[in-house]
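Read the structure below first, then the notes.
The values are calculated or read from the model by the stated rules, or taken from the named source; none is laboratory data. Just so it is clear, the structure is predicted and the values come from calculations on it, not from any experiment. Here the Cβ positions follow ideal geometry from the backbone for every residue, glycine too, while neighbour counts run over all protein chains shown.
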Amino acid sequence: MSSNARHVPVMLQRCLDMLAPALTEPGAVVVDCTLGAGGHSEALLKAFPEARLVALDRDPTALKLAGERLAPFGERATLVRAVYHELPEVLERLGIPRVQGVLFDLGVSSMQLDEADRGFAYAQDAPLDMRMDQTTGISAAEVLNTYPPGELVRILRAYGEEKQAKRIVSAVVREREKEPFSNSARLVELIRDALPQAAKRTGGNPAKRTFQALRIEVNAELASVEAAIPAAVASLAVGGRIAVLSYQSLEDRIVKGVFAAGAATTAPPGLPVVPERYQPRLKLLTRGAELPTEEEIAENRRAAPARLRGAERIREDIP
Ligand SMILES: C[S@@+](CC[C@H](N)C(=O)[O-])C[C@H]1O[C@@H](n2cnc3c(N)ncnc32)[C@H](O)[C@@H]1O
């Protein structure tokens, strides 16, 4: 299988359709905040020949590979190494005041999962790293070996929705005193041993939730999403559209909250006529979240948890 075939972009046609009305004018700018292997970006460049693409990723490997893939598009594609909540600074540096489209395909990439030595996957033994940008920050092993037990419990509960957090953390603390954690297999085994039989029978691999929690902590993912979605909405021109693919409920909740707030009036209750400055500045493009079809999931298991939400900017902010 070629590397591109393994990284099939999730809900691709839906994302393109959702952004399409905003991207037909010459000079339209679309930002892919999560370039990854460049699947969505390449499709955007092909589908909207008049548009220019700005694509961000924090992972230098992704930028290198996607850069090769998008080279044929020349100056229509500008790739930037950045964390997505830095979008306003990136656009300012590029001299782009407003954009017509924004896409987020959140979470970890198939490429990162497939690179065994980066430690994202619980199915393979590897150093417990999990940093999307290995040049900065602390690894999952450091989190596991140094965080106070209460903090680890909080992370496993909040970011992994792990009901057995206390049990797992007790085992981690006992084991790390004997020898610090360095590899994923030892953690997977410890989780398997720590959980009661009943907990092991539900929800797939018992290490899945702990790995998700560590990854979110190591990359400060939720804080980045919380800052990035409002920043992206603010960067949209009137008529501009944003589409966001999330893969777990915590991210999806943030996206839902930002869109719902933008689509609501901010008027004090009881006004007979809502003045312009209190009118919603977003129109929702999805009712609830859209899910991938059964056919897509059958072809690409990694699409299964995806949730797509979209919105259109319909009004300027009036101070
Ligand atoms: C699911 S993948 C994107 C896949 C891409 N849509 C494609 O078709 O190939 C998510 C990408 O977002 C990047 N990423 C995750 N969090 C980020 C953040 N806070 N800032 C910038 N990039 C981030 C990851 O490094 C990863 O490459």
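Restricting the range 78-116 to residues that are among the polar types (S, T, N, Q) and either out of contact with any helix residue (DSSP H, G or I) (no Cβ under 8 Å at 6 or more places or on another chain) or modelled with pLDDT of 95 or more (or both) leaves a set whose member that is farthest from the ligand (Cβ to nearest atom) is Gln100.
If I filter the range 139-147 for residues that are within 12 Å of the ligand (Cβ to nearest atom) and either touching a Ser or Thr at 6+ places or on another chain (Cβ under 6 Å) or outside any helix (DSSP H, G or I) (or both), do I get at least one hit? No; the residues of the range 139-147 include none that is within 12 Å of the ligand (Cβ to nearest atom) and either touching a Ser or Thr at 6+ places or on another chain (Cβ under 6 Å) or outside any helix (DSSP H, G or I) (or both). Looking at the range 188-203, is at least one residue in a helix (DSSP H, G or I) and crowded, with 23+ Cβ neighbours inside 10 Å? Yes, the range 188-203 contains a residue that is in a helix (DSSP H, G or I) and crowded, with 23+ Cβ neighbours inside 10 Å. Among all residues of the range 280-298, there is none that is part of a helix (DSSP H, G or I), surrounded by 22 or more Cβ atoms within 10 Å (Cβ to Cβ) and of a type in the set (Val, Ile, Thr). Residues that are within 16 Å of the ligand (Cβ to nearest atom), closer than 24 Å to Val143 by Cα and touching a residue at least 60 places away in the same chain (Cβ under 8 Å) occur in the range 188-211; there is at least one.
Can you go through Pro49, Pro9, Pro72 and tell me which one is surrounded by fewer than 19 Cβ atoms within 10 Å (Cβ to Cβ) and assigned to a loop (DSSP other than H, G, I, E, B)? Steps first, please.
Details: Pro9 fails: surrounded by fewer than 19 Cβ atoms within 10 Å (Cβ to Cβ); Pro72 fails: assigned to a loop (DSSP other than H, G, I, E, B).
Selected residue: Pro49, the only one of Pro49, Pro9, Pro72 that is surrounded by fewer than 19 Cβ atoms within 10 Å (Cβ to Cβ) and assigned to a loop (DSSP other than H, G, I, E, B).
Among the residues of the range 231-278, those that are more than 20 Å from the chain's Cα centre (by Cα) and either touching a residue at least 60 places away in the same chain (Cβ under 8 Å) or within 16 Å of the ligand (Cβ to nearest atom) (or both) comprise Ala237, Val238, Gly239, Gly240.
Could you check how many residues of the range 84-111 are assigned to a loop (DSSP other than H, G, I, E, B), surrounded by fewer than 20 Cβ atoms within 10 Å (Cβ to Cβ) and touching a strand residue (DSSP E or B) at 6+ places or on another chain (Cβ under 8 Å)?
Kept after step one, since they are assigned to a loop (DSSP other than H, G, I, E, B), are these residues of the range 84-111: 95-98, 106-109.
Retained after the next criterion (residues that are surrounded by fewer than 20 Cβ atoms within 10 Å (Cβ to Cβ)): 95-98.
Checking the rest, the ones that are also touching a strand residue (DSSP E or B) at 6+ places or on another chain (Cβ under 8 Å) come to 96, 98.
So the count comes out to 2.
The test for being within 13 Å of the ligand (Cβ to nearest atom) and either under 23 Å from Leu113 (Cα atoms) or modelled with pLDDT of 95 or more (or both) does not hold for Glu75. Scanning the range 49-72 for residues that are closer than 14 Å to Leu35 by Cβ, more than 10 Å from the ligand (Cβ to nearest atom) and in contact with a strand residue (DSSP E or B) (Cβ under 9 Å, 6 or more places away or on another chain) yields Leu53, Val54, Gly67, Leu70, Ala71.
Can you work out which of the residues in the range 204-257 that are of a type in the set (S, T, N, Q) and in a helix (DSSP H, G or I) is surrounded by the fewest Cβ atoms within 10 Å (Cβ to Cβ)? It comes out as Ser249. The one condition from (1) modelled with pLDDT under 95; (2) of a type outside the set (S, T, N, Q); (3) over 18 Å from Ile254 (Cα atoms) that Arg287 does not meet is (3).
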